[in-house]
């Protein structure tokens, strides 16, 4: 019965995708750093205090003895901590126990670094980025040769303190397990801000805002919930996305006010493929995306698509036409993609991914993605792009 129930649950999960709570890896930029600052700092501080917890009876006895001997209150407290350390390290406690966790949490502290560089021959643009993170710190930097289109980004997190683009400082004035308040200062414009953040116990709900004090305005707001997200950026308006399980599929809505709205419905068929009709407004276009799995491969105990074919016709709007794509995952470290787009400017492309890439995931420590695009009309030249990725842990 148990095996049959597990098999039924897997089949239902394959046809009815359930919404997942937003994880911090899916959050963007400052929001992910906020959760890292609150969660990791809270765990580390709590771990230190738990390891340095002092027995009441021992504290009182040692403090009274030092006061009788003329010792100060600070010396008495220090003696109590020293006695607790001696007790835990061998005097009646567990042999070799480290009370402050030097050989525990902080000795096991690990970090990671990811580097990426991309070159596009059509624009001669070079983009590079590096992301490094540890238990209580994080650093991100990116640069593009087209500086006007993408200004350099630099962010450093040291515990709960954030530095963004060397002109903005976020410093905590209140820390808690589930809500934080930052003071922000932007040196370039001399703007002072207050930035509150709150998340639920299981991180299913998250809210963050930045309120400028001179002048008093809300410049940024980000609210994420189990079924979507709502974001506001001053000068850019509102952006929202939401999804809802409906009739063995998922209904999704992406909207920008002012701006474009997209509504789609995705569902899976019995052969492992998916169908996604989509309506875009005010473009007044309709597209029908279909992804069909042609073969499968076994990875451990799971089956994953090895060969997929997708086709998406678009009717009406500013870019009607047809696009097709064939994706072949050779193994964990190699993948090939071929595509064709029949629009007002038809083109074909092919790419190969080796090692660490978006298609292959983090299966290797380094990787390479090479893509070639070729226009199929009488004018225009082929172009290529190269992306190199590398990751390491320390």
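Numbers for the structure displayed
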| item | result |
| --- | --- |
| Residue count, the stretch 356-377 (criterion: at pLDDT below 90, surrounded by 17 or more Cβ atoms within 10 Å (Cβ to Cβ) and part of a strand (DSSP E or B)) | 1 |
| Subset of the stretch 344-355 (residues that are under 30 Å from residue 317 (Cβ atoms), at pLDDT 90 or above and either surrounded by fewer than 17 Cβ atoms within 10 Å (Cβ to Cβ) or under 32 Å from the mean Cα position of the chain (by Cα) (or both)) | 346, 348, 349, 350, 351 |
| Any hit, the stretch 155-163, residues being loosely packed, with under 13 Cβ neighbours inside 10 Å, at pLDDT below 90 and over 20 Å from residue 224 (Cβ atoms) | yes |
| Subset of the stretch 188-197 that is surrounded by fewer than 17 Cβ atoms within 10 Å (Cβ to Cβ) and touching a strand residue (DSSP E or B) at 6+ places or on another chain (Cβ under 9 Å) - its residue that is modelled with the lowest pLDDT | 188 |
| Hits in the stretch 308-335 - residues which are under 16 Å from residue 292 (Cα atoms) and within 31 Å of the chain's Cα centre (by Cα) | 308, 309, 310, 311, 312, 323, 324, 325, 326, 327, 328, 329 |
| Among (1) surrounded by 15 or more Cβ atoms within 10 Å (Cβ to Cβ); (2) within 15 Å of residue 121 (Cβ to Cβ) - the single one residue 381 does not satisfy | (1) |
| Single condition residue 335 does not satisfy, out of (1) part of a strand (DSSP E or B); (2) modelled with pLDDT of 85 or more; (3) exposed (fewer than 15 other Cβ atoms within 10 Å of the Cβ) | (3) |
| Only listed residue being more than 30 Å from residue 250 (Cα to Cα) and without any contact (Cβ under 8 Å) to a residue 24 or more places away in the chain, chosen from 230, 162, 180, 213 | 213 |
| Selection from the stretch 273-327 of residues that are surrounded by 13 or more Cβ atoms within 10 Å (Cβ to Cβ), in contact (Cβ under 8 Å) with a residue 24 or more places away in the chain and not in a strand (DSSP E or B) | 283, 317, 319, 320 |
| Residue in the stretch 190-211 that is more than 18 Å from the chain's Cα centre (by Cα) and more than 30 Å from residue 159 (Cβ to Cβ) present | no |
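The values are calculated or read from the model by the stated rules, or taken from the named source; none is laboratory data. Everything numeric in this text was worked out from a predicted model, so none of it was measured. Glycine also receives a Cβ, built like all others from the backbone with ideal geometry; neighbour counts cover every protein chain displayed.
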